[in-house]
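The values are calculated or read from the model by the stated rules, or taken from the named source; none is laboratory data. Since this is a predicted model, take the numbers as computed values, not measurements. Positions of Cβ are backbone-derived with ideal geometry, glycine not excepted, and every protein chain shown enters the neighbour counts. Quick note on the areas: whole protein, heavy atoms, side chains included, nothing else; ligands and nucleic acids left out. Shrake-Rupley method; radii C 1.70, N 1.55, O 1.52, S 1.80 Å.
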Amino acid sequence: MTVQSLALPLLRRLDPERAHRIALAALGAGLGGRAGPHEDDGLSVEALGLRFPNPIGLAAGFDKDARAVRPLARLGFGFVEAGTVTLLPQAGNPRPRLFRLPEEGAVINRMGFNNNGLDRFLDRLARTRAGAPLGVPFGANVGINKEGADPPRDYARLVQALAPHADYLVINLSSPNTPGLRDLQQAARLRDLLDAIVQASPVRPPLLVKLAPDLAFESLPEIVETVVQAGLDGLIVSNTLVARPPGLRGRHAAETGGLSGRPLRRRSTEMLAEVSRLSAGRLTLVGCGGIETGADILEKLQAGAHLVQLYTSFAYEGPALLGRLKRELRDALRDGGWSSIEAARLQAPHAARNS
Ligand SMILES: Cc1cc2nc3c(=O)[nH]c(=O)nc-3n(C[C@H](O)[C@H](O)[C@H](O)COP(=O)(O)O)c2cc1C
């Protein structure tokens, strides 16, 4: 029995936040199934000094408290990112705060960093990582509490505490649901913040910043230079979108929060391409936003991503998504004549190559 085969149709009928909690508990109880051992042939990636069996990662927010990292890794993700975790536990925003837009393949959320806090996260990680290796890189995504935060101090503490326990770390500056958070992407504040983090943790795993897709493109050159100058390793492009694309359908389309899924794809890919051009090979780039097919993954690779992540399509389709995406990605690579993920990176889209 897997979550996919039996529970998913039922879960779709429940309140989305309850459905999510049940799915995570079912995964934790081992009901998620396991991917075959050889299915990642030809999809491996070397990035951030790590080996990824495939480039498809689980984005932050699905497993905020690191409850099911090992079962999620077993589903066939190439890497798993837990969090966002904050120093202190917090309840997040009042419910309802998570809305499905099924006709758009989208979700709107204003969860507000609901999580159990750093200490519980560390406890769970210690238990998860005891014993056999995880088999895939593990990332921890960190953020600040809504009340009483001192961003340079808090991010520095979070990075220091998690550095020994994660294969990479993500500074989340892009959730729309923590007031003031996204202002930390302004170059001067970003510089102070990153300097504080780097000074506090001279020895650390690769460090990435996760950006908002609402950023004006004119702000990207300074952001990219600041991240490079601070000695960081990469960027995740992107988090959820505050803006609403025209014509968004669904009875929840006007809810406040971050939009994810299909309507985010184009904007996040365009921003990724711009960040790729600006960083000119100096940063590792993770493309995230609206991935639903192998062709969408190829599109992110061609825009400059070394790796990709997803959340919304996994929430809709469940574990079967991974087998399908890998099959489609392999087909897309073969059709383009590329022998590896790396070979397809930054290559012109297929149609353009033939024209
Ligand atoms: C319900 C929900 C909660 C999320 N929580 C977080 C979070 O805590 N931290 C974070 O960095 N991103 C969070 N995200 C954003 C995702 O990691 C991802 O960047 C975004 O959803 C775009 O990818 P997608 O279109 O594949 O969903 C969340 C997304 C959703 C839908």
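Key figures for this structure:
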| quantity | calculated |
| --- | --- |
| Mean separation of Cα contacts under 8 Å (6+ apart) over length of the range 42-354, as relative contact order % | 18 percent |
| Binned Cα-Cα distances of the chain, short to long, each 10 Å bin given as a whole percent | 5, 26, 37, 25, 6, 0 |
| Area accessible to solvent at Arg262, 1.4 Å probe radius, in Å² | 100 Å² |
| Proximal aspartates and glutamates to Lys64, defined as alpha-carbon separation beneath 17 angstrom and excluding residues fewer than eight positions away on the same chain | Glu17, Glu81, Asp119, Asp123, Asp167 |
| R0 of 30 Å, Cβ-Cβ distance Glu46-Asp150: FRET efficiency to nearest 0.05 | 0.20 |
| Candidates Val203, Val170, Val107: whichever shows maximal mean-square fluctuation once the chain is modelled as a Gaussian network with Cα springs under 10 Å | Val203 |
| Cβ-Cβ FRET estimate between Gln160 and Arg266, R0 fixed at 45 Å, reported to 0.05 | 0.75 |
| Straight-distance crosslink candidates among lysines, where the alpha carbon sits under 22 Å from Lys326 and sequence neighbours closer than 8 are dropped | Lys300 |
| Helix-derived mean residue ellipticity, 222 nm - over the chain, DSSP H n ≥ 4, -39500 (n - 2.57), to 500 | -10500 deg cm²/dmol |
| Selected from Asn239, Asn93, Asn141 as most flexible by GNM, with the chain as the system and alpha-carbon contacts under 10 Å | Asn93 |
| Between the range 126-161 and the range 204-283, the alpha-carbon center distance in angstrom | 21 Å |
| Label point distance in nm, Ala188-Val203, each placed 7 Å from Cα along Cα→Cβ | 3.6 nm |
| Antiparallel bridge percentage (DSSP; both residues within the chain; nearest 5) | 30 percent |
| Distance in nm between pseudo-label sites at Ala295 and Ser339 (7 Å out along the Cβ direction from Cα) | 2.7 nm |
| Gain in span if fully extended, Arg251 to Ala230, counting 0.36 nm per residue against the direct Cα distance | 3.2 nm |
| Val170 long-range amide H proximity, modeled H, under 5 Å | Ala140, Asn141, Val142, Leu208 |
| Approximate spin-label separation Ala280-Arg95, in nm, with each point projected 7 Å along Cα-to-Cβ | 5.1 nm |
